[in-house]
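Chemist: Here it is, the structure, as structure tokens.
Taken together, the values in this text are just the output of simple stated rules run on the coordinates, not laboratory data. Given the structure is predicted, the values throughout are model-derived calculations rather than measurements. In this analysis, Cβ positions are derived from the backbone assuming ideal geometry, glycine residues included, and neighbour counts consider all displayed protein chains.
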Amino acid sequence: MSSRPRIRKAVFPVAGLGTRFLPATKAVPKELLPVLDKPLIQYAVEEACEAGIETIILVTRGDKEAIARHFTHAPDLEAFLAERNSHQPLERVRGILPGQVEVLEVTQEQPLGLGHAVLCARKLVGDEPFAVILPDDMIRSQGAGALRQMVDIYQESGCSVIGVEEVPLELTQRYGVAAVEPNHQGRMEIRTIVEKPRPEEAPSNLGVVGRYVLTGKIFELLEGLGAGAGGEIQLTDAIARLMESQTVLAHPFQGERFDCGSRLGLVKATIEYALADEELASDLAAFLRQRAGRLLA
Ligand code: UTP
């Protein structure tokens, strides 16, 4: 058994404006947009719970209480469904959050960037290592979830771990980009990390995706940071500083990522999950075949 502290807390920065989905996100936070019958945030929380997380920390804008409400017990709704013998919907509502998991919330007063959003969770996290999940990066895994894979690497190495995947070189300006070298344990150590580099300046085509396991030291580094790329306080810049005193690993997770912060990504995720759904798969497949036939005609 490792004597390292367990990763018990996960920070969900959900205070962004979601401008790519306006007007849908004018009143409804992006993280409550559904893929089939579950909102994005619920898939992310399920991944966190599978990784052993016990405390969910939502970093929200002041007007985003709807996200926390999704995880709140709803006795009236449950009583209504129970009275009508609506067993399946009742089970789905009851199953939103395992009993031992708590949800806390902190407000990011101004959208000053992802790094700033993570810093807002400092008091609730304390000094211990913790996870960060961006719910709009949805990762569908066959075996262990992406965060579980990363938590296991932290337990084995004691190092911060950043989720990465290869991205097209022409898209590096949308990502943090990391250059890595293999170490003796066969893990990838990050040598350089930069936020949103132009393709000609990118140190590699390994893009950072929305999964992180970080040591508590990241907070003091975030505290001292000024604005970086796009005028925002960037988590990537704090990770670059962390690398000056601690080893930081990259993990090319097993699983397929859908960028649900973009309209196309949300459509692709919806199709993928629907094709894996017993009730929907065959009708949807028939529809897709018919449409594909038309496109190819
Ligand atoms: P995005 O870059 O996707 O921004 O943020 P956004 O506002 O959510 O969406 P668009 O680009 O306007 O459509 C990446 C993640 O960081 C969070 C967002 O909520 C999202 O999970 N974030 C970003 C914050 O919590 N606070 C910020 O100040 C910025």
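Chemist: Report, as a whole number in µm² per second, the diffusion coefficient that Stokes-Einstein gives for region 1-56 at 37 °C and 0.692 mPa s using the Kirkwood radius over alpha carbon pairs.
Modeler: Values: Rh = 13.0 Å.
For the chosen part, D equals 252 µm²/s.
Chemist: Considering only Cα-Cα distances, which of the following residue pairs are longer than 28 Å: 30/217; 30/123; 38/123? Working shown, then result.
Modeler: Details: 30/217 30 Å; 30/123 25 Å; 38/123 30 Å.
Cα-Cα > 28 Å for 30/217; 38/123; rest within.
Chemist: Still on this structure, I have one more. Quick one: of the DSSP bridges fully inside the chain, what percent are antiparallel, nearest 5? Intermediate values should be presented prior to the final figure.
Modeler: Working: 26 of 45 bridges.
About 60 percent, rounded to the nearest 5.
Chemist: Still on this structure: Please report the orientation-averaged projected area of the chain, defined via the convex hull of its C-alpha atoms, in nm².
Modeler: Over every viewing direction, the Cα hull of the chain projects on average to 18.4 nm².
Chemist: Mind giving me the FRET efficiency for residue 191 and residue 156? R0 is 22 Å, r the Cβ-Cβ distance, nearest 0.05 is fine.
Modeler: FRET efficiency, residue 191 to residue 156: 0.60.
Chemist: Running a GNM on the chain with Cα contacts under 10 Å, which residue among 108, 42, 246 ends up with the highest mean-square fluctuation?
Modeler: For the chain, modelled as a Gaussian network with Cα springs under 10 Å, the answer is 246.
Chemist: If Lys and Arg each add +1 and Asp and Glu each add -1, what is the summed charge of the other residues whose beta carbon sits under 13 Å from the beta carbon of residue 297? The partial results should precede the final answer.
Modeler: Working: positive: 289, 291, 294; negative: none.
So the environment of residue 297 carries a net charge of +3.
Chemist: Ok, one more. Which whole-angstrom value gives the distance between the alpha carbon centres of region 229-297 and region 62-124?
Modeler: So the separation of the two Cα centres works out to 23 Å.
Chemist: Would you mind telling me which residue in 167, 118, 213 has the biggest mean-square fluctuation in a Gaussian network model of the chain, where springs connect alpha carbons within a distance under 10 angstrom?
Modeler: Largest GNM mean-square fluctuation: 167.
Chemist: Now for a separate question. Magnitude of the Cβ-charge dipole of the chain, K/R +1 and D/E -1, about the Cα centre, nearest 20 debye? The partial results should precede the final answer.
Modeler: Details: 32 positive and 41 negative charges, 78 e Å.
Here the size comes out at about 380 debye.
Chemist: So what is the relative contact order for the chain, in percent, with contacts set as C-alpha pairs under 8 Å and at least six apart? The partial results should precede the final answer.
Modeler: Working: 524 pairs, mean separation 63.7, N = 297.
So the answer I get is 21 percent.
Chemist: Which residue, 65, 156, 279, has the most motion in a Gaussian network model of the chain that connects Cα atoms within less than 10 Å?
Modeler: Among 65, 156, 279, the largest mean-square fluctuation in the Gaussian network model of the chain belongs to 279.
Chemist: Under 5 Å between amide H atoms, partner at least 5 residues away or on a different chain: which partners does residue 176 have, H built in plane at 1.01 Å?
Modeler: Correct list: 196, 208.
Chemist: Quick one: if the Förster radius is 22 Å, what FRET efficiency do residue 173 and residue 20 give, using the C-beta to C-beta distance and rounding to 0.05? It would help to have the intermediate numbers written out before the result.
Modeler: Working: r = 15 Å, r/R0 = 0.70.
Efficiency, from the Cβ-Cβ distance: 0.90.
Chemist: Then there's this: For a protection proxy built on the mean count of beta-carbon atoms within 10 angstrom, sort 120-126, 198-204 highest first, please. Intermediate results must be reported in sequence, preceding the final value.
Modeler: On the way: 120-126: 17.3, 198-204: 14.1.
In descending order of packing, they fall as 120-126, 198-204.
Chemist: Same structure again: Convert each backbone phi in region 130-144 into a coupling constant with the Karplus relation 6.51 cos²θ - 1.76 cosθ + 1.60 (shift: θ = phi - 60°), then list the ³J(HN,Hα) values in order as whole Hz, x for Gly and Pro.
Modeler: Karplus values, whole Hz, x for Gly and Pro: 8, 10, 10, 10, 9, x, 6, 8, 8, 10, 9, 10, 7, x, 4.
Chemist: Sticking with this structure for a sec: Check which residues have an amide H placed less than 5 Å from residue 105's amide H, if you skip close sequence neighbours.
Modeler: HN-HN under 5 Å from residue 105: 58.
Chemist: Provide the percentage of antiparallel DSSP beta bridges, counting only those with both residues in region 7-61; round to the nearest 5. Provide the component values of the computation, followed by the final result.
Modeler: Details: 2 of 8 bridges.
Once the DSSP bridges in region 7-61 are tallied, antiparallel ones form about 25 percent.
Chemist: I need two numbers for region 141-230: Rg to one decimal and Dmax as a whole number, Cα atoms only, in Å.
Modeler: Cα-based Rg and Dmax for region 141-230 come out at 14.0, 40 Å.
Chemist: Volume per residue, Å³, of the convex hull around the alpha-carbon atoms of region 1-151? If you can, show how the numbers build up before the last one.
Modeler: Working: hull volume 21.0 nm³, N = 151.
Convex hull volume per residue, Cα atoms: 139 Å³.
Chemist: Separate question: Roughly speaking, what is the stretch gain from residue 109 to residue 276, that is 0.36 nm per residue apart minus the C-alpha to C-alpha distance, in nm to one decimal?
Modeler: Numbers: separation 167, 0.36 × 167 = 60.12 nm, distance 3.94 nm.
Contour length minus Cα-Cα distance gives 56.2 nm.
Chemist: Label-point separation (nm) for residue 28 and residue 8, each offset 7 Å from Cα along Cα-to-Cβ?
Modeler: About 3.6 nm, to one decimal.
Chemist: Continuing with this model, one more query. Inverting the mean 1/r over all pairs of different Cα atoms, compute the Kirkwood radius of region 97-170 and quote it in Å. It would help to have the intermediate numbers written out before the result.
Modeler: Working: mean 1/r = 0.0663 Å⁻¹.
One decimal place: 15.1 Å for the Kirkwood radius.
Chemist: With unit charges on the beta carbons (Lys and Arg positive, Asp and Glu negative) and the dipole taken about the Cα centre of region 122-234, which residue among 190, 131, 206 sits farthest to the positive side?
Modeler: 131
Chemist: Listed highest first by mean packing, meaning other Cβ atoms within 10 Å per residue, what order do 89-98, 286-295, 250-259, 146-155 come in?
Modeler: Going by the mean number of other Cβ atoms within 10 Å, highest first, we get 146-155, 250-259, 89-98, 286-295.
Chemist: Within region 205-221, which residues have the backbone N less than 12 Å from the label spot 7 Å out from residue 127 along Cα→beta-carbon, could you tell me?
Modeler: Under cut-off, by backbone N: 216-217.
Chemist: Determine the sum of side-chain charges near residue 100: Lys and Arg each +1, Asp and Glu each -1, restricted to other residues whose C-beta is under 12 angstrom from that of residue 100.
Modeler: Values: positive: 8; negative: 54, 102.
Computed value for this residue: -1.
Chemist: What does the charge count around residue 262 come to, taking other residues whose C-beta lies under 10 Å from its C-beta (Lys +1, Arg +1, Asp -1, Glu -1)?
Modeler: Details: positive: 20, 174, 263, 268; negative: 136, 259.
Once positives and negatives cancel, what remains is +2.
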